[in-house]
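Contents: one structure, followed by commentary.
The values are calculated or read from the model by the stated rules, or taken from the named source; none is laboratory data. Worth saying up front: this structure is predicted, and the values here are computed from it rather than measured. Cβ atoms come from the backbone with ideal geometry, glycine included; neighbour counts cover every protein chain shown.
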Amino acid sequence: MTVIEEPDSATRRIRPPEDDTVLDVRDLQMRYGSTDVLTGVTFAARRGEVLGLLGPNGAGKTTTIEILEGFRMRSAGEVSVLGIDPAQGDEAWRARLGVVLQSWRDHGKWRVRELLAHLGTYYTPYATGGARGPWDPDELVSAVGLTEHAHKRVGRLSGGQRRRLDVAIGIVGRPELLFLDEPTVGFDPEARREFHDLVHRLSDDEDTTILLTTHDLDEAEKLADRIVILAGGAIIADGSADELSRRMSTEAEIKWTRDGQRFVHSTLDSTKFVHDLFRQYGEAIGDLEVRRASLEDTYVAMVREHEAGRGTAAVRKFEGATR
Amino acid sequence: MRSGKANAMRAGWSRGIIELRHMLSTPQDLWTFFFFTAILLAVTIFMRGSTVEGTSFSLGSMTLPSILGMSIASGGLTNLTQMLTVEREDGTLLRAKAVPDGMLGYLVGKVVLVSGLTLVNIAALLIPGLFLFSGIATGGVGSWLTFAWVLALGLAACLPLGAILGSMFSNPRMMGLIMFPIMGAVGISGIFYPTSALPEWLQGIAQVLPIYWLGLGMRSALLPDGLSAVEIGHSWRHLETLGVLGLWAAFGLTVAPIVLRRMARRESGSSVAARREKAMQRVT
């Protein structure tokens, strides 16, 4: 299922079964004037999957998401979102999507619960046509932890509380597919953890498919079942955080103590190294710690390699490793 | 999906009522809103001593209906234009776009809100006016019928125009560009100064614009019939009023959906973010 592929070869990819595919993007291209923003993006997502879309600024993440949301027309390529081309998406299709927007100062005079109840009413007639119908406003307010502030004016919320409200607005129609564009900017650690719990709940209990962009790689590692890295207008990597770090030949860091002394060693083959270590010193080894490269290490290495113009070569190398 | 559209129109109605309640319960909004109304009322009170040239009728009584006509036009035009540009910048419109039938609900809501505000504004001018001035609405039921159709047609003519202007200007700080021509139009439309006393070419311009006809229509509704003598053509010209306002309404209702759709299509997260960036730069 998880394959790291050449940016321009859509054919070799192993696809999930068709009926389970919520999101299917093939060779998506976007050009503004003479600038190519997307040069051939291909990826897919299955029902209930949390997909993390990562990439440096200007890589085309926002453009990609806006095309999938139906807010922007593409130049070329095939896109299917919930089985429908977003360029032709009607209101019944829209009712099955959730979009979490960056807020600023809109609806400042509305009260939290009042706004959620109002926006929910738009989804009611579509509840029979495939969409699941809106959340109960009180349940939703409590799900995003805003019960205390339910009757506060939106304009008086703090930054983190507003962001929770944005998430609540995004999921008010119980979407099958949710777009989260940098959802936790401005969250304190506790709010972040609560948000992560909510994301897990949405994907596990409600079977919501989630496409998430973030610059917080720790968050991506915690939340995403699968990571897609977009750089220079194409996908340079696609796989779970674990698989990516294993395939990218980043070295693991091994720490241990012996005779009261601390040792650190970096190696590609940590298993063999540790084995040798114990064979040589046996019980004298203490406080052993093996740290595989984090997603952040992998990500930085991949993007750097791509930017150095060796992207294609590096990707080929990974592909060879999977066979 | 018919039920979706009907549902969104109901949602839009409650949206308009909720926002009207918000505005009428926010002291700052009330102040900006009624400040202007109070000034207009004060102006007419100062005019009470003078009389319409060649008659013994109070100039204040004559000006009050004209001001009502102007308020319908300016309320419909400037309020809607301003709300659309501001709410495009702050992302309200994009949020509406992300919701099924949300744009329809949003528009219905705005029409309800702006019409409601206009009605409140007119009541705030007219109710004290009935006690302060003599000779207003002496025609009984007929007066109020004319009042009602001029008001309804005036809103139908001006609201779509406001929507068109609001879609064309993306920057709320461009409102000045819209306000000056409107003030100019008020100046030549016989609200404070009779159009018949102006050069013919200015009279011609005034009679193309809706403000003149709204003022005339309101005067015809609320003033004694004899006063039509001081108007252009010595008549209330109801047919012409119906024709010009009707044409504006037809034009607006045809063009507004096209312009609004085009504007809505361009809204996306990045366009809102770009405008936010620009606005933030202006603030700092």
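A few comments on the model shown:
- Residue count for region B:255-269, restricted to those that are surrounded by 14 or more Cβ atoms within 10 Å (Cβ to Cβ), within 9 Å of chain A (Cβ to nearest Cβ) and in a helix (DSSP H, G or I): 1.
- Within region A:139-164, the residues that satisfy the criterion of being assigned to a helix (DSSP H, G or I) and closer than 21 Å to A:Asp205 by Cβ are A:Glu139, A:Leu140, A:Val141, A:Ser142, A:Ala143, A:Thr147, A:Arg164.
- Scanning region A:218-238 for residues that are assigned to a loop (DSSP other than H, G, I, E, B) and either more than 13 Å from A:Gln29 (Cα to Cα) or at pLDDT 90 or above (or both) turns up A:Ala224, A:Asp225.
- Options A:Leu202, A:Leu178; residue that is touching a strand residue (DSSP E or B) at 6+ places or on another chain (Cβ under 8 Å) and within 20 Å of A:Phe43 (Cα to Cα): A:Leu178
- Which numbered condition A:Asp136 fails, given (1) over 18 Å from A:Ser203 (Cα atoms); (2) touching a residue at least 24 places away in the same chain (Cβ under 8 Å): (2)
- Options A:Gly173, A:Gly133; residue that is in contact with a strand residue (DSSP E or B) (Cβ under 9 Å, 6 or more places away or on another chain), within 17 Å of B:Ala11 (Cβ to Cβ) and part of a loop (DSSP other than H, G, I, E, B): A:Gly173
- Annotation: of all residues in region A:51-71 being touching a residue at least 40 places away in the same chain (Cβ under 8 Å), assigned to a loop (DSSP other than H, G, I, E, B) and touching a helix residue (DSSP H, G or I) at 6+ places or on another chain (Cβ under 9 Å), the one that is nearest to the other protein chains (Cβ to nearest Cβ) is A:Glu69.
- Here region B:1-22 is the region considered, the condition is being surrounded by fewer than 18 Cβ atoms within 10 Å (Cβ to Cβ) and aliphatic (A, V, I, L, M), and the residue that is nearest to the other protein chains (Cβ to nearest Cβ) is B:Met1.
- Selection within region A:86-109 - over 21 Å from the mean Cα position of the chain (by Cα), in contact (Cβ under 8 Å) with a residue 40 or more places away in the chain and either more than 18 Å from B:Glu19 (Cβ to Cβ) or more than 7 Å from chain B (Cβ to nearest Cβ) (or both): A:Ala95, A:Gly108
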